[in-house]
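Inspection log for the structure reproduced underneath, given as structure tokens.
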Amino acid sequence: MKTSYKRKFFCLLLIIFLLAALSVSALAAEPGSAFLAGSDVRANANVEGILFAAGYHVEQTSTSEYALLAGETVRFDGTAVNDIFAAGYDVTINGEVARDVYAAGNSVRVAGMVGRKLYVSGSSVQISGQIGGDVYINAERIEITPSAVIGGTLRYNSSAAISASQELYD
């Protein structure tokens with residue numbers, strides 16, 4: 001019986017590794033959730049559910065209810081009806097998110113619009129977009145550009161080196 005589970009597990013791993021070698025692109029609208037995996041993943045079709053995308057390079061330019069994105073390079077230029085979760089070495093959020101963003105990476109840039117809260121952790125974090133609610137940052141270096149708009153409270157770790165416009169301190 002244990003051999004059967006091992007064989008199924010091995011087959012599942014083999015399928016995942018084979019998918020990882022492919023370039024994946026979603027082109028047509030999906031009526032439910034979608035899972036994309038590969039070396040170069042481009043989600044450019046609307047997903048009426050949760051978009052799961054993992055790969056070396058992951059990019060979303062479409063609309064989804066939720067997005068869970070993971071890769072070496074993650075770029076979100078789409079629209080999320082609810083929340084997005086993004087993790088990678090280099091994470092860029094340029095799109096529009098109706099609710100909350102959870103992002104982690106070595107370098108994280110948020111230049112898009114976030115309807116509610118932003119939770120971000122990274123070595124270097126740059127905020128230049130519009131955040132409707134509170135911002136929670138855990139980082140070594142934080143840059144808040146003059147174009148950034150934060151509708152709530154900015155909270156960050158005391159050990160961070162922060163660069164921000166004077167308006168944040170008034």
Inset, instruction - Could you pull out every residue, at least 5 positions away or on a different chain, whose amide H is within less than 5 Å of the one on ALA37? Hs are placed 1.01 Å off N in the peptide plane, and Pro or chain starts have none. - result: ALA54
Inset, instruction - Please list, in chain and number order, the residues 5+ apart from GLY151 or on another chain whose amide H is under 5 Å from its amide H, with Hs placed from the backbone. - result: ILE131, GLY132, GLY133
Legend entry - Cα gyration tensor shape for the range 20-154, rounded if a/c is under 1.5, else prolate or oblate: oblate
Inset, instruction - At 7 Å along the Cα-to-beta-carbon direction for both SER159 and THR61, put a label point, then send me their distance in nm to one decimal. - result: 4.0 nm
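Determine the sum of side-chain charges near THR73: Lys and Arg each +1, Asp and Glu each -1, restricted to other residues whose C-beta is under 15 angstrom from that of THR73.
Working: positive: ARG42, ARG75, ARG109; negative: ASP40, GLU59, GLU72, ASP77, ASP90.
Overall, the nearby charge balance is -2.
Could you report the range 88-170's accessible area per residue, 1.4 Å probe, as an integer in Å²? Walk me through the numbers before you get to the answer.
Values: 3970 Å² over 83 residues.
The answer is 48 Å² per residue.
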Inset, instruction - Mind grabbing the accessible area of ARG109 for me, 1.4 Å probe, Å², rounded to tens? - result: 70 Å²
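The values are calculated or read from the model by the stated rules, or taken from the named source; none is laboratory data. Quick caveat: nothing in here was measured; it's all calculated off a predicted structure. Cβ sites come from the backbone with ideal geometry, for glycine too, and all protein chains shown count toward neighbours. What goes into the accessible areas is simple: the full protein's heavy atoms, side chains included, and nothing from ligands, DNA or RNA. Shrake-Rupley method; radii C 1.70, N 1.55, O 1.52, S 1.80 Å.
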